[in-house]
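Have a look at this one before I ask anything.
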Amino acid sequence: MKHALLSIIAICVLAIPFAAQAQDQRPPRLTTVTEDRYRLQPGDVLDVQFRYSPEFNQTITVQPDGYISLEVGGDIKVAGMTVEETRRAILKKAGERLQDPVATVILKEFQRPYFVVAGEVAQPGKIEMRERVTAIQAIMLAGGMKEGARSSQVVVFRRINSDTAEVKLLNLKSIKQTGDLENDLTLQAGDMVFVPRDKISKIERFMKLISVAAFMTPRL
């Protein structure tokens, strides 16, 4: 189980994009629940069809760096875009060679979003994100905290670029005691939630991804 979880953490650190979440002295506030459109990630597969220039039709995969390579126009960075935003970007790029291009973009395959819960929980591991979920809900989905868990220092790691994660320290103990949901945090796809056993004396606001794995490994 330990080695399997280490593999999951490594995959999450290296492959899943994280969005920024600032850490300050105030408790984190829940984000507004809205129905966002899916945004492309590395590994997603798109079917691009040009109505008047079918010779440029192609099925294309979003590369690890977030780019796609069009037969007409070249490279475009699409990671983080919606399908419609990608279609418009493709039309703009193709317009450099084609006159008034018309294109359809279909998302054929996509990476299912997930988060990871590790540390002092009953069932640590990777969990598919099927709906909006908060940190404490994620912990419940992982079977809840073990008896020795330090609920006052739950850590959320969120990747912000290719080698750095931002860190959020949560005090979930007060939620169990008072129901104060302002101390909870809405997760994003790729977040890692770590429930420690020992007291964390110091943690930086930003950490190198390689340091995130080193931080978590001795405590698993």
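The values are calculated or read from the model by the stated rules, or taken from the named source; none is laboratory data. Since this is a predicted model, take the numbers as computed values, not measurements. For neighbour counting, all protein chains shown are included, and Cβ atoms are generated from backbone atoms with ideal geometry for every residue, glycine included.
Quick one: Lys176 ticks every box in (1) charged (D, E, K, R); (2) exposed (fewer than 15 other Cβ atoms within 10 Å of the Cβ); (3) modelled with pLDDT of 85 or more bar one, so which box is it?
With (1) charged (D, E, K, R); (2) exposed (fewer than 15 other Cβ atoms within 10 Å of the Cβ); (3) modelled with pLDDT of 85 or more applied to Lys176, the lone miss is (3).
Another question about this same structure. Please pick out the residue among Val116, Val83, Val48, Val102 that is in contact with a Phe, Trp or Tyr (Cβ under 9 Å, 6 or more places away or on another chain), in contact (Cβ under 8 Å) with a residue 60 or more places away in the chain and of a type in the set (A, V, I, L, M, F, W, C).
Among Val116, Val83, Val48, Val102, only Val116 is in contact with a Phe, Trp or Tyr (Cβ under 9 Å, 6 or more places away or on another chain), in contact (Cβ under 8 Å) with a residue 60 or more places away in the chain and of a type in the set (A, V, I, L, M, F, W, C).
Right, here's the next one. Can you find even one residue in region 78-86 that is in contact with a Ser or Thr (Cβ under 6 Å, 6 or more places away or on another chain) and either closer than 28 Å to Gly190 by Cβ or of a type outside the set (Lys, Arg) (or both)?
yes
Let me ask something else. Which residues, taken from region 147-160, are closer than 22 Å to Gly125 by Cβ and surrounded by 15 or more Cβ atoms within 10 Å (Cβ to Cβ)?
Ala149, Arg150, Ser151, Gln153, Val154, Val155, Val156, Phe157, Arg158, Arg159
Also, I was wondering about something else. All but one of (1) under 21 Å from the mean Cα position of the chain (by Cα); (2) on the phi > 0 side of the Ramachandran plot; (3) surrounded by fewer than 20 Cβ atoms within 10 Å (Cβ to Cβ) hold for Gly144; state the number of the condition that does not hold.
That leaves (1) as the condition not met.
Against the condition aliphatic (A, V, I, L, M) and crowded, with 17+ Cβ neighbours inside 10 Å, how does Val102 come out, does it pass?
So Val102 fails the test.
Filter region 138-160 for residues that are part of a helix (DSSP H, G or I) and in contact (Cβ under 8 Å) with a residue 12 or more places away in the chain and give the result.
Ala138, Ile139, Leu141, Ser151, Ser152, Gln153
Hey, among Met81, Met129, which residue is closer than 25 Å to Arg37 by Cα, modelled with pLDDT under 95 and in the same structural domain as Asn57 (by TED's automatic domain parsing)?
Met81
Does Asp163 meet the test of being within 28 Å of Tyr38 (Cα to Cα), among the acidic types (Asp, Glu), surrounded by fewer than 17 Cβ atoms within 10 Å (Cβ to Cβ) and touching a residue at least 12 places away in the same chain (Cβ under 8 Å)?
yes
Taking Ala118 and the conditions (1) touching a Leu at 6+ places or on another chain (Cβ under 7 Å); (2) assigned by TED's automatic domain parsing to the domain that holds Pro54; (3) modelled with pLDDT under 95, which numbered condition does it fall short on, given that it satisfies the others?
(2)
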